[in-house]
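The values are calculated or read from the model by the stated rules, or taken from the named source; none is laboratory data. Please read all numbers here as calculations on a predicted model, not as lab measurements. All Cβ positions, glycine included, derive from the backbone under ideal geometry; neighbour counts span all protein chains shown. We work out accessible area using only protein heavy atoms, side chains counted, and drop any ligands, DNA or RNA first. Shrake-Rupley method; radii C 1.70, N 1.55, O 1.52, S 1.80 Å.
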Amino acid sequence: MGPHTPLLRRIVSDLESISSAYRTLLSAIEEVEPRIAAATRQELTDQRASLKLIASENYASLPVLATMGTWLSDKYAEGTVGHRFYAGCQNVDTVEAVAAEHARELFGAEYAYVQPHSGIDANLTAYWAILAHKVESPALAEFGAKGVADLTEADWETLRRRFGEQRLLGMSLDAGGHLTHGFRPNVSGKMFHQRSYGTDPETQLLDYDVIRAQAREFRPLILVAGYSAYPRRVNFAKMRDIADEVGAVLMVDMAHFAGLVAGKVFTGEEDPVPYADVVTTTTHKSLRGPRGGMVLATGEYAPSVDRGCPLVLGGPLSNVMAAKAVALAEARTAEFQTYAQAVADNAQALAEGLLRRGVDLVTGGTDNHLVLMDVRSFGLTGRQAESALLESGIVTNRNAVPNDPNGAWYTTGVRLGTPALTSRGFTASDMDAVADMIAGVLGSTTPTTTSKGEPSKAKYDLTDDARDGSLAEAQRLLNLHPLYPGLEL
Ligand code: PLP
């Protein structure tokens with residue numbers, strides 16, 4: 001598992017020369033801008049020095065990192081494979097074709113588009129591709145136009161109005177959805193008439209009957225499934241059924257759990273690819289690739305998604321597409337399946353360890369890669385808990401819980417995820433030790449008052465003993481599972 005893997009051992013065996021290559025590169029950077037060389041060095045030191053439990057982060061392999069730092073970055077390649085608006089794109093064609101081939105084969109998708117620079121870009125590409133397919137194409141036929149260039153000003157006006165009439169139903173931010181799933185301040189909440197579904201107030205789980213009733217009433221063009229902070233699996237067969245009943249397009253954003261799909265932990269009705277029309281993802285979370293996005297689609301949607309550039313994207317990042325190809329090749333190995341299973345097992349161990357120590361969890365547990373603690377029984381806000389954990393060597397992020405009384409800034413929850421520590425090689429028993437540290441720190445943290453004597457949502461006291469004990473235990477675990485072992489700058 002993690003960096004101690006057959007895949008990585010190939011280069012790990014020659015770490016002295018890798019270390020020396022990085023040292024040479026960093027000294028070249030230092031000559032141009034020493035502050036950037038220093039920050040880059042320091043980031044490795046910092047990442048090595050704390051327990052990273054941020055559910056959306058991971059540690060990419062050295063081959064993935066190395067692939068991003070090359071001259072492929074210098075090439076413009078707007079267009080698609082074999083159909084570019086620039087000359088000399090033959091190597092970028094190879095890169096993009098290999099990445100798309102790996103993505104199609106890994107996920108069993110009919111079509112893969114690997115150009116989006118991020119998860120948000122992937123979602124924007126998907127939304128506009130769906131609009132192009134479901135709204136623009138029928139309008140062109142109705143107006144007797146061959147393409148948008150043939151539209152009259154009056155046709156354009158009609159088309160713009162139709163785009164503006166479309167509806168989107170996605171999971172609410174509060175219940176664990178993402179900003180791009182129709183949250184009002186995001187462009188997705190402005191370009192569509194939006195509504196959101198939440199979770200059951202009692203169980204905090206998705207209630208498919210309620211989603212169905214909402215969909216029947218609202219009749220969205222797009223039903224979005226997927227989440228950033230929901231600690232459970234989703235049944236995509238049920239979501240497909242709901243979409244079919246109301247004639248909606250089913251789009252699944254698997255940004256968070258793509259690694260669990262790739263690693264065959266989510267199969268059958270928990271695998272979105274056979275059920276959704278369009279699937280979007282990031283490549284840098286549980287999938288353990290470079291920062292980036294990707295869209296998978298059925299053949300029906302492929303021609304529209306393929307127009308991501310010029311629809312909403314400019315030139316692709318060729319070096320990052322290359323790194324996606326390397327990461328996807330890694331994700332096709334049996335070893336990655338072992339990793340993905342360990343991510344889920346570790347989340348389970350972390351949840352059980354926390355529950356045993358009296359920590360409340362949203363939905364009462366997890367069956368994916370993340371855990372959402374509700375810290376109100378400690379008398380804390382999410383912000384106080386996040387800060388106390390940070391000074392104790394544990395990096396997390398505060399997160400709203402359903403109907404959060406403290407809002408999205410202070411929050412009542414703290415989100416934890418296991419992809420990164422699992423990449424370092426952490427096991428279930430290590431996660432129990434981490435649960436013990438978290439419960440110990442939270443139990444030793446007390447809120448303090450503001451200068452006006454009111455309860456503070458940000459300030460707190462943490463006992464020195466609890467902090468020092470946690471820091472020492474963190475160091476013990478980090479030493480057991482070094483990050484990029486042997487890489488010395
Ligand atoms: N979709 C989901 C479900 C996410 O959790 C995120 C990131 O947190 C995104 C999309 C956006 O990804 P990015 O930050 O790469 O734009």
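Exactly one of these conditions fails for VAL249: (1) open to solvent by less than 10 Å² (accessible area, probe 1.4 Å); (2) within 16 Å of the ligand (Cβ to nearest atom); (3) of a type outside the set (D, E, K, R); (4) over 18 Å from LYS324 (Cβ atoms). Give me its number.
(2)
I'd like to know if segment 179-186 contains one or more residues that are among the aliphatic types (A, V, I, L, M), at pLDDT 95 or above, in contact with a Leu (Cβ under 9 Å, 6 or more places away or on another chain) and in the same structural domain as ARG291 (by TED's automatic domain parsing).
Just the residues of segment 179-186 that are among the aliphatic types (A, V, I, L, M), to begin with: 179.
Of the ones still in play, those that are also at pLDDT 95 or above are 179.
Retained after the next criterion (residues that are in contact with a Leu (Cβ under 9 Å, 6 or more places away or on another chain)): 179.
After this cut, where a residue has to be in the same structural domain as ARG291 (by TED's automatic domain parsing) as well, the list is 179.
Yes, segment 179-186 contains a residue that is among the aliphatic types (A, V, I, L, M), at pLDDT 95 or above, in contact with a Leu (Cβ under 9 Å, 6 or more places away or on another chain) and in the same structural domain as ARG291 (by TED's automatic domain parsing).
What's the number of the only condition in (1) in contact with a Gly (Cβ under 6 Å, 6 or more places away or on another chain); (2) under 29 Å from GLN341 (Cβ atoms); (3) part of a helix (DSSP H, G or I) that VAL401 fails to meet?
Failing condition for VAL401: (3).
Any idea which of SER304, SER286 is part of a helix (DSSP H, G or I), open to solvent by less than 20 Å² (accessible area, probe 1.4 Å) and among the small types (Gly, Ala, Ser)? Before you say what the answer is, go through the steps one by one.
Values: SER286 fails: part of a helix (DSSP H, G or I).
Of the residues listed, the single one that is part of a helix (DSSP H, G or I), open to solvent by less than 20 Å² (accessible area, probe 1.4 Å) and among the small types (Gly, Ala, Ser) is SER304.
How many residues are in contact with a strand residue (DSSP E or B) (Cβ under 6 Å, 6 or more places away or on another chain) and either more than 13 Å from the ligand (Cβ to nearest atom) or part of a loop (DSSP other than H, G, I, E, B) (or both) if we restrict to segment 257-272?
Here is the first cut: in segment 257-272, the residues in contact with a strand residue (DSSP E or B) (Cβ under 6 Å, 6 or more places away or on another chain) are 258, 272.
Now drop any that are not either more than 13 Å from the ligand (Cβ to nearest atom) or part of a loop (DSSP other than H, G, I, E, B) (or both), which leaves 272.
Qualifying residue count for the region: 1.
Is it the case that ALA340 is more than 16 Å from the ligand (Cβ to nearest atom) and open to solvent by 10 Å² or more (accessible area, probe 1.4 Å)?
On the way: more than 16 Å from the ligand (Cβ to nearest atom): yes; open to solvent by 10 Å² or more (accessible area, probe 1.4 Å): no.
Taking the combined requirement at face value, the residue does not satisfy it.
Is segment 170-185 home to any residue that is away from the ligand (no atom under 16 Å from the Cβ) and more than 16 Å from LEU223 (Cβ to Cβ)? Break it down into steps so the answer makes sense when it comes.
The initial filter retains those residues of segment 170-185 that are away from the ligand (no atom under 16 Å from the Cβ), namely 184.
In the following step, the residues that additionally are more than 16 Å from LEU223 (Cβ to Cβ) were identified as 184.
Within segment 170-185, one or more residues are away from the ligand (no atom under 16 Å from the Cβ) and more than 16 Å from LEU223 (Cβ to Cβ).
When the residues of segment 95-110 are filtered to those that are farther than 13 Å from ALA323 by Cα and of a type in the set (Gly, Ala, Ser), which remaining residue is least open to solvent (accessible area, probe 1.4 Å)?
Only one residue fits best here, namely ALA109.
What number of residues within segment 384-424 are small (Gly, Ala, Ser) and farther than 17 Å from ALA175 by Cβ?
As a first pass, look at segment 384-424 and keep what is small (Gly, Ala, Ser): 385, 387-388, 392-393, 400, 407-408, 413, 417, 420, 423.
After this cut, where a residue has to be farther than 17 Å from ALA175 by Cβ as well, the list is 385, 387-388, 392-393, 417, 420, 423.
Residues flagged as small (Gly, Ala, Ser) and farther than 17 Å from ALA175 by Cβ within segment 384-424 amount to 8.
What pairs can you find where one residue is in segment 181-207 and in a strand (DSSP E or B), the other is basic (Lys, Arg), and their Cβ atoms are less than 6 Å apart, with a gap of 6+ or different chains?
Pairs that qualify, where the first residue is in a strand (DSSP E or B) and the partner is basic (Lys, Arg), are HIS193/ARG167.
Regarding segment 87-94, can at least one residue be identified that is part of a loop (DSSP other than H, G, I, E, B), closer than 14 Å to CYS309 by Cα and open to solvent by 50 Å² or more (accessible area, probe 1.4 Å)? Write out each step before concluding.
Restricting attention to segment 87-94, the residues satisfying the condition of being part of a loop (DSSP other than H, G, I, E, B) are 87-89.
Keeping just the survivors that are closer than 14 Å to CYS309 by Cα gives none.
Scanning segment 87-94, I find no residue that is part of a loop (DSSP other than H, G, I, E, B), closer than 14 Å to CYS309 by Cα and open to solvent by 50 Å² or more (accessible area, probe 1.4 Å), so the answer is no.
Which pairs have Cβ atoms under 6 Å, sit 6 or more apart or on different chains, and link a residue in segment 111-123 that is in the same structural domain as THR180 (by TED's automatic domain parsing) and open to solvent by 10 Å² or more (accessible area, probe 1.4 Å) to one that is part of a strand (DSSP E or B) and within 13 Å of the ligand (Cβ to nearest atom)?
SER118/GLY293; GLY119/THR282; GLY119/GLY293; ASP121/GLY293
Taking LEU287 and the conditions (1) more than 16 Å from the ligand (Cβ to nearest atom); (2) touching a helix residue (DSSP H, G or I) at 6+ places or on another chain (Cβ under 9 Å), which numbered condition does it fall short on, given that it satisfies the others?
Going through (1) more than 16 Å from the ligand (Cβ to nearest atom); (2) touching a helix residue (DSSP H, G or I) at 6+ places or on another chain (Cβ under 9 Å) one by one, LEU287 breaks only (1).
Which condition breaks for HIS369 when tested against (1) of a type outside the set (Gly, Ala, Ser); (2) touching a Pro at 6+ places or on another chain (Cβ under 6 Å); (3) open to solvent by 10 Å² or more (accessible area, probe 1.4 Å)?
The single condition HIS369 does not satisfy is (3).
Assess whether THR282 counts as being at pLDDT 95 or above and farther than 24 Å from ALA122 by Cβ. Reasoning before the result, please.
Working: at pLDDT 95 or above: yes; farther than 24 Å from ALA122 by Cβ: no.
Answer is no for this residue.
Yes or no: segment 322-333 includes at least one residue that is part of a helix (DSSP H, G or I), closer than 17 Å to GLY108 by Cβ, open to solvent by 20 Å² or more (accessible area, probe 1.4 Å) and more than 16 Å from the ligand (Cβ to nearest atom).
Restricting attention to segment 322-333, the residues satisfying the condition of being part of a helix (DSSP H, G or I) are 322-331.
Now restrict to residues that are closer than 17 Å to GLY108 by Cβ: 328-329, 331.
Still in the list and also open to solvent by 20 Å² or more (accessible area, probe 1.4 Å): 329.
From what is left, the residues that are more than 16 Å from the ligand (Cβ to nearest atom) are 329.
Yes - at least one qualifying residue is present in segment 322-333.
Within 14 Å of the ligand (Cβ to nearest atom) and touching a helix residue (DSSP H, G or I) at 6+ places or on another chain (Cβ under 7 Å): does that describe ALA225?
Numbers: within 14 Å of the ligand (Cβ to nearest atom): yes; touching a helix residue (DSSP H, G or I) at 6+ places or on another chain (Cβ under 7 Å): yes.
Criteria met by ALA225.
Is it the case, given these coordinates, that ALA243 is closer than 21 Å to LEU296 by Cβ, away from the ligand (no atom under 16 Å from the Cβ), part of a helix (DSSP H, G or I) and open to solvent by less than 20 Å² (accessible area, probe 1.4 Å)?
Values: closer than 21 Å to LEU296 by Cβ: yes; away from the ligand (no atom under 16 Å from the Cβ): yes; part of a helix (DSSP H, G or I): yes; open to solvent by less than 20 Å² (accessible area, probe 1.4 Å): yes.
Yes, satisfied.
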